[in-house]
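In what follows, a single structure is set out as structure tokens and then discussed.
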Amino acid sequence: MSNLSGLQDKNLSSLDPNHLQNKRKRLFMALGGAAAAAGLGWGAWWEISGSHYVTTDNAYTSAEFAVVTPAVAGIVKEVPVLDTQAVHKGDVLVTIDNVDARLALQQAESDYGRAVRKIRGLVANDHGLGAQISVREAEELSAQARVTQAEADFKRTSLDLKRRQALASSGSISAEELSNAETAFAVAKAALEAAQAAVAEAKAGRSAAVGSKDANAALIDGVEIDENPEVTLARARRDQARVDLERTVIRAPFDGVVGRRSVQIGQRVQPGAQLMVVVPTQDMHVDANFKEVQLANVRVGQPAEVISDLYGSKVVYHGKVEGFSGGSGSVFAAIPAQNATGNWIKVVQRLPVRIALDPKELAAHPLEMGLSTTVTIDTRAGAGI
């Protein structure tokens, strides 16, 4: 009976308003204390660690891949690689039929040899033209000497004729003797004119020889045969033809993986046409698109951790901030946003940040282009913290 009355007293006391209010108060105090402790713990974590890291999952792997294009036109003869195939630097990717290139090289080599022989002939001709000038000068001197002799004969026959004419008027000489004097004078006069013409001809011949030598010298003077412009031009064409022949074999520019192969055997290709790409998977990096409000303390060289969706959190790549893009993605869009409008809405922009990865970690866990990743940067380094 006493137990029953005690139980009743206990139940009655639990229904007491003061008791319920005290219990509720203690419960709220406990909850408030837990919340305060959680807030203090979060604040301490944020101050000590959390505020020094920025993270984004808007990040993707990328690489500076090579677009393989031909430098010469031709018909594809061989394509020894396939999509996804790993290649090493120098491996043959495409072979273009080289018949035209070989013929062009043979013609260029022939033109080069002909140019060298031509210049050598001009050099040899220069000596011959010099000798011709000497001959023409000797001929001019000889002709001048004949003019001097012809002038003397002309003067002598002129005086002799004048004397004969004076004697003939008095009848002292015969008509035949006068006629002989006139004939001798005419012959001397003709000889003088011929000698003078020979001198003019010798001078013209010498001038022509000098002009020929000068014209020949303009092609060879001042340079050796190998440096002659005509030889240099022919040699450049030969070298270009040799390079074009070498370019019929297209090789991998570096180690990587073949992708987007679009070339087929028998296809005629033109310079600049895209045949395939080579992706250097060993030089992969991450383009992390951080919000602009996250970048106040981010600096080049700060350490970063990268987790790829391919391997998950069990593989963590260690890298560093390598640089920032020159503008946000909206700036480089095909149709950039025009914010100078009446119905403008502010949108937080993202700026691509390039994260370099450790080559050894990449070798252990290879990545491909375009894979999703999560990037966390430690902003304490170099941020004045």
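Residues in the range 235-253 that are polar (S, T, N, Q) and either in a helix (DSSP H, G or I) or loosely packed, with under 13 Cβ neighbours inside 10 Å (or both): GLN240 alone.
Yes/no per residue for (1) within 25 Å of PHE254 (Cβ to Cβ); (2) in a helix (DSSP H, G or I); (3) touching a Ser or Thr at 6+ places or on another chain (Cβ under 8 Å):
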site: ASN297; (1), (2), (3): no, no, yes
site: GLY323; (1), (2), (3): yes, no, no
site: SER330; (1), (2), (3): no, no, no
site: ALA334; (1), (2), (3): no, no, no
site: GLN338; (1), (2), (3): no, no, no
site: MET369; (1), (2), (3): yes, no, yes
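Residues are listed down the side, and each one gets a yes or a no for (1) surrounded by 16 or more Cβ atoms within 10 Å (Cβ to Cβ); (2) under 27 Å from ALA363 (Cβ atoms):
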position: LEU275; (1), (2): yes, no
position: VAL279; (1), (2): yes, yes
position: ASP287; (1), (2): yes, yes
position: ASN297; (1), (2): yes, no
position: ILE307; (1), (2): yes, yes
position: GLY327; (1), (2): no, no
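Within the range 57-74, the set of residues being in a strand (DSSP E or B) and either acidic (Asp, Glu) or more than 25 Å from the chain's Cα centre (by Cα) (or both) comprises ASP57, ASN58, ALA59, TYR60, THR61.
Yes/no per residue for (1) more than 30 Å from ASP97 (Cβ to Cβ); (2) at pLDDT below 70:
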residue	(1), (2)
ALA197	yes, no
GLY205	yes, no
ALA209	yes, yes
LEU233	no, no
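Among the residues making up the range 309-358, those that are small (Gly, Ala, Ser), closer than 30 Å to GLN282 by Cβ and under 36 Å from the mean Cα position of the chain (by Cα) are GLY319, GLY323, SER325, GLY326, GLY327, SER328, GLY329, ALA356.
Output yes when any residue across the range 211-231 is of a type outside the set (Asp, Glu), at pLDDT 90 or above, in the same structural domain as ILE119 (by TED's automatic domain parsing) and within 60 Å of the chain's Cα centre (by Cα), and no when none is.
Going through the range 211-231, the residues of a type outside the set (Asp, Glu) turn out to be 211-213, 215-220, 222-223, 225, 228-229, 231.
Of the ones still in play, those that are also at pLDDT 90 or above are none.
Among the residues of the range 211-231, not one is of a type outside the set (Asp, Glu), at pLDDT 90 or above, in the same structural domain as ILE119 (by TED's automatic domain parsing) and within 60 Å of the chain's Cα centre (by Cα), which makes the answer no.
Sub-7 Å Cβ pairs linking a first residue in the range 97-124 that is under 16 Å from ALA236 (Cβ atoms) to a second residue that is not in a helix (DSSP H, G or I), at least 6 apart or interchain, are ILE119/ASN228, ordered by first then second residue.
The values are calculated or read from the model by the stated rules, or taken from the named source; none is laboratory data. Source: prediction; values computed, not measured. Neighbour counts run over all protein chains shown; Cβ positions are idealised from the backbone, glycine included.
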